[in-house]
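J.: Before anything else, here's the structure in question.
Please treat every number below as a calculation from the coordinates, not as lab data. From a predicted model like this one, the values you see are computed outputs, not experimental measurements. FYI the Cβ positions are ideal-geometry reconstructions off the backbone, even for glycines, and counts take in every protein chain you see.
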Ligand code: XMP
């Protein structure tokens, strides 16, 4: 199901690390964008009928025979194209220009000298002046295709910005999507508003109306829908959207897998049931999940087992309510963006998020994913539009497999209990310090190692607890949160004093990448 019938900018991904950042800027500019890997771009042009296209960067070299290409027909569609870095190179190659590795590499800060005024630079960059931009290239354009002119140069790159203004084709060697390129975001906005001429604004208010009418169309007049409620914002937003769309034909199911945080299940049930007139079933399946994880240490196995059991429980409950035709889940856009794979090799799965893929094949039930076009921060805006309780909106994200992926190695009830206690103390201190909202996500991890300590003149040999806190916009990249050292000391002291099985606390200062937010 897609709720999108809005003017769209297609971003063709050639494998750059920065492609998602481009999509973010386009969305932030109020224009709907989708990323497709270059292999699917031909179909996407037909399916989406984009109003404009952005070609991403890439680790490849455009002059190599096997290098990934844009569909050639893109250049005959009479729609504007912006090529960024490799995107500029491949557009040149495909239109008859030339690219070489000529030794004029530029990495990091450079200066763009504007050689001609252009709608791309309108309002912030003027002919004859130089501006800081961010470059990252070893190859360069050395001959332009017919119809193109140079609109910007740098010390080492003659074709740092090029344009065929008649056809609306623009190429830039620098990266406007990174914040080191001053006014890069405005350049992207000029491409969207002034060059493509887009007006159709992507807002969560119009998304809500579209989503509701799409759900009604898809579900029809009679079908029943079940929705797994986790206590997080995504599933709560899905539930509210569905309730608006189909009323009491929705049944929410909260499956307690035994991996929830201290008092979490009771709290979620009480707030949800106290606020909304939506049918909610509470299923305690903790024994089922705990038994299935006996002897399992691999993070991927844990995730797969937990994902599979959720399906079993949903199937069972669907049967009990007399058959549901649809299962609704809060899958988000970052989960469905296909990664680029080169040479036909499959892209690497970092983690199997339990709410993506796998379900439809096994379940005799159709899947509704009304948030699959949204980034996390967009879901937060939608949640406010829907009047969702602040309790759900402000909550830090929590993974479906819960504390099971915060107990690296074997998961036992003893470890879960210890982790719950430590986590509750950390959260309590975060709330007391008034920093909960400044942090994107915070949690504790119970390490599967014991270390020696000394308490009250006695030797201790207990677990290590790691504290994690990150800041992020959408969970795709993250930086560790800079806690105050006194705060960390306070949390460590409380955890060690109050949780008898932990005698050491460490703080995780890894950003994402190279780390992920969760440890498993
Ligand atoms: P990672 O660890 O991949 O996590 O950097 C990114 C964000 O996703 C959350 N997460 C999950 N959410 N099901 C979910 O609904 C899952 O299986 C899952 N695994 C990770 C994680 O907490 C972070 O916010």
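J.: Could the peptides 398-411, 55-68 be put in order, highest first, of the mean number of other beta-carbon atoms found within 10 Å of their residues? Spell out each step's value before the answer.
T.: Values: 398-411: 22.1, 55-68: 18.5.
So the order, starting with the most tightly packed, is 398-411, 55-68.
J.: Calculate the length of the line joining the C-alpha centroid of segment 72-105 to that of segment 435-469, in whole Å.
T.: Centre-to-centre (Cα) distance: 52 Å.
J.: Also: Answer rounded, prolate or oblate for segment 141-234, using the Cα gyration tensor with square roots of eigenvalues a ≥ b ≥ c: rounded when a/c is under 1.5, else prolate when a/b is larger than b/c, else oblate.
T.: Working: a/c = 3.64, a/b = 2.55, b/c = 1.43.
It is prolate, given that a/c is not under 1.5 and a/b is the larger ratio.
J.: Same structure again: I want to verify the translational diffusion coefficient of the chain in µm²/s; compute it with Stokes-Einstein, Rh as the Kirkwood radius over Cα pairs, at 10 °C and 1.306 mPa s. Each step should come with its number before you reach the end.
T.: Working: Rh = 25.3 Å.
For the chosen part, D equals 63 µm²/s.
J.: Also, I was wondering about something else. Explain nothing, just the number: relative contact order of the chain, from Cα pairs under 8 Å at least 6 residues apart, as a whole percent. Numbers along the way, then the final one.
T.: Numbers: 999 pairs, mean separation 56.3, N = 520.
Over the chain, the number comes to 11 percent.
J.: Between 0 and 90 degrees, rounded to the nearest ten: what's the tilt of helix 204-219 against the longest Cα principal axis of the chain?
T.: Helix 204-219 and the main axis of the chain meet at about 70 degrees.
J.: Calculated from DSSP H runs of 4 or more alone, at -39500 (n - 2.57) each and per residue, what is the 222 nm mean residue ellipticity of the chain, nearest 500? Working shown, then result.
T.: Numbers: 15 runs with 162 residues, N = 520.
So the calculated ellipticity at 222 nm is -9500 deg cm²/dmol.
J.: In Å, what Kirkwood hydrodynamic radius results for segment 371-520 from the alpha-carbon pair distances? Write out the running numbers ahead of the final one.
T.: Working: mean 1/r = 0.0607 Å⁻¹.
Hydrodynamic radius (Kirkwood, Cα only) of segment 371-520 equals 16.5 Å.
J.: Restricting things to alpha carbons, find the Rg to Rh ratio for segment 433-520 using the Kirkwood radius for Rh.
T.: Details: Rg = 14.3 Å, Rh = 14.0 Å.
Radius of gyration over Kirkwood radius for segment 433-520 works out to 1.02.
J.: Also: For the ranges 288-300, 235-247, 92-104, 153-165, what's the packing order if you count other beta-carbon atoms within 10 Å of each residue, average per peptide, and put the highest first?
T.: On the way: 288-300: 14.9, 235-247: 22.8, 92-104: 16.8, 153-165: 21.2.
In decreasing order of mean packing, 288-300, 235-247, 92-104, 153-165 become 235-247, 153-165, 92-104, 288-300.
J.: Where the Cα atoms of segment 67-204 are projected onto their three principal axes, how long is each span, largest first, in whole Å?
T.: 45, 33, 28
J.: Normalised by the number of residues in segment 47-141, what is the relative contact order in percent for Cα pairs under 8 Å and 6+ residues apart?
T.: On the way: 140 pairs, mean separation 26.1, N = 95.
Computed value for segment 47-141: 27 percent relative contact order.
J.: Further, regarding this structure: What ranking do 309-315, 213-219 get when scored by the average of other Cβ atoms within 10 Å per residue, highest first? Each step should come with its number before you reach the end.
T.: Details: 309-315: 18.9, 213-219: 16.9.
So the peptides 309-315, 213-219, ranked by packing, come out 309-315, 213-219.
J.: With axes computed from alpha carbons, what is the tilt in degrees of helix 413-432 against the longest principal axis of the chain, rounded to the nearest 10 within 0 to 90?
T.: So the inclination is approximately 60 degrees.
J.: To continue, here is another question. So, in nm, how far is label residue 511 from label residue 304 when the simple model puts each one 7 Å beyond its Cα toward the Cβ?
T.: Those two pseudo-labels are separated by 3.4 nm.
J.: Between residue 281 and residue 77, take the C-beta separation as r, use R0 = 45 Å, and let me know the FRET efficiency to the nearest 0.05. Mind showing how you got there, number by number?
T.: On the way: r = 50 Å, r/R0 = 1.11.
So the FRET efficiency works out to roughly 0.35.
J.: If all Cα-Cα distances of segment 223-308 are sorted into 5 Å bins from 0 onward, what percent lands in each bin, rounded to whole numbers?
T.: Computed distribution, short to long bins: 3, 13, 23, 21, 17, 12, 7, 3, 1.
J.: Right, something else. Give me the Å³ per residue figure for the convex hull around the C-alpha atoms of segment 4-87.
T.: Numbers: hull volume 7.4 nm³, N = 84.
It is 88 Å³ per residue.
J.: Estimate the FRET efficiency between residue 205 and residue 63 by the formula 1/(1 + (r/R0)^6), using the beta-carbon distance for r and 51 Å for R0, to the nearest 0.05. Display every interim value, and only then the final one.
T.: Numbers: r = 47 Å, r/R0 = 0.92.
The computed FRET efficiency comes out at 0.65.
J.: Have a look at segment 179-229 and give its Rg and Dmax from the Cα atoms, expressed in angstrom.
T.: That works out to 18.7, 54 Å for Rg and Dmax.
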